[in-house]
Amino acid sequence: MAIEVRIPTILRTYTGGAKSVEGSGATLDELLLNLDTAHGGLRDRLVDGEKLRRFVNVYLNDASSAAWRPRSRTATR
Amino acid sequence: MLSISRALHEKIVEHARKDHPDEACGVIAGPVGSDEPVRFIPMQNAERSPTFYRFDSLEQLRVWREMDDNDEEAVVIYHSHTATQAYPSRTDISYASEPQAHYVLVSTRDEAQTEFRSYRIVDGEVTEEPVTVTE
């Protein structure tokens, strides 16, 4: 099932200017790896080693990761 | 160089004074590529701290989406320091991720006088810039 991923302006250089791209993955970790195959370099802006970079927020259906601070295996659904 | 109207300059200073001794923070949006601060958006300091600021993540999502829908970008990202000089801290620098923005720092450490300075922060490098207040 395709996941719609909305991209903030400052990261659109990795998506050829696209505001929104599609990806897939059962977890956030899988999704970011998947996105990185089509948009190389995007994942490195978001992830440092195993964790999201400090000050990066990921919103799942508009709920903020600041509240659930995910481990890389958090389910995307 | 930051060019900002007196009215917007006053609004930033007022916000900082009102929230003192907590740090105040917010954004001024303008049309993409214009470098012109137009729309004042005071925001919550989710840290509610006299020494740190952080945008509330849901408010940040709402504000940034709204700017995107309006073809605006963050021209000014401001916050205040309440006991130290108006210069970005190491945390402020690592928090800064919008290369086109003018990072404005205000200090309310002196009751009589508010310091107002502006910086570009790109790839962790801070460069102070002059501020022109227009009538």
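Take the Cα atoms of the protein assembly as shown, find their three principal axes, and give me the spread along each one in whole Å, biggest first.
Over the protein assembly as shown, Cα extents along the principal axes are 59, 33, 27 Å.
What does the charge add up to near B:D22, with Lys and Arg as +1, Asp and Glu as -1, over the other residues with Cβ less than 11 Å from its Cβ?
Within the 11 Å Cβ shell, the charges total -1.
What list of whole percents do you get for P(r) of segment A:3-68, with Cα-Cα distances grouped in 10 Å bins up to the one holding the largest distance?
Values per bin, smallest distances first: 20, 61, 19, 0.
Please label the shape of segment B:75-135 as rounded, prolate or oblate, based on the square roots a ≥ b ≥ c of the eigenvalues of the alpha-carbon gyration tensor (a/c under 1.5 means rounded; beyond that, a/b larger than b/c means prolate, else oblate).
Oblate is the answer for segment B:75-135, as a/c is 1.5 or above yet b/c matches or exceeds a/b.
If the cut-off is 18 Å between C-alpha atoms, which aspartates and glutamates fall inside it for A:K51, apart from same-chain ones fewer than 8 positions away?
A:D29, A:E30, A:D36
According to the Cα gyration tensor, what semi-axes, each the square root of 5 times an eigenvalue, does the equivalent ellipsoid of chain B have, listed from largest to smallest in whole Å?
Listed largest to smallest, the semi-axes of chain B are 20, 17, 15 Å.
With N set to the residue count of segment B:54-110, report its C-alpha Rg divided by 2.2 N^0.38 Å to two decimal places.
1.25
State to the nearest 20 debye the size of the charge dipole of the protein assembly as shown about its Cα centre, where the only charges are +1 on K and R beta carbons and -1 on D and E beta carbons.
Once rounded to the nearest 20, the dipole reads 660 debye.
Distance from a point 7 Å along Cα→Cβ of B:V32 to each backbone N in segment B:61-82: keep the residues under 16 Å and list them by number.
B:64-75
Please give the contour-minus-distance gain from B:T91 to B:T134: 0.36 nm per residue of separation, less the Cα-Cα distance, rounded to one decimal in nm.
Length gained between B:T91 and B:T134: 12.4 nm.
Can you put B:L58, B:L105 in order of Cβ neighbours within 10 angstrom, beginning with the fewest?
Fewest-to-most ranking of B:L58, B:L105: B:L58, B:L105.
Quick note: the coordinates plus some simple rules give every number you see, no bench work behind them. A quick note: this is a predicted structure, and the numbers were derived from the prediction, not measured. Cβ coordinates were reconstructed from backbone atoms using ideal geometry, including for glycine residues, and neighbour counts include every protein chain displayed.
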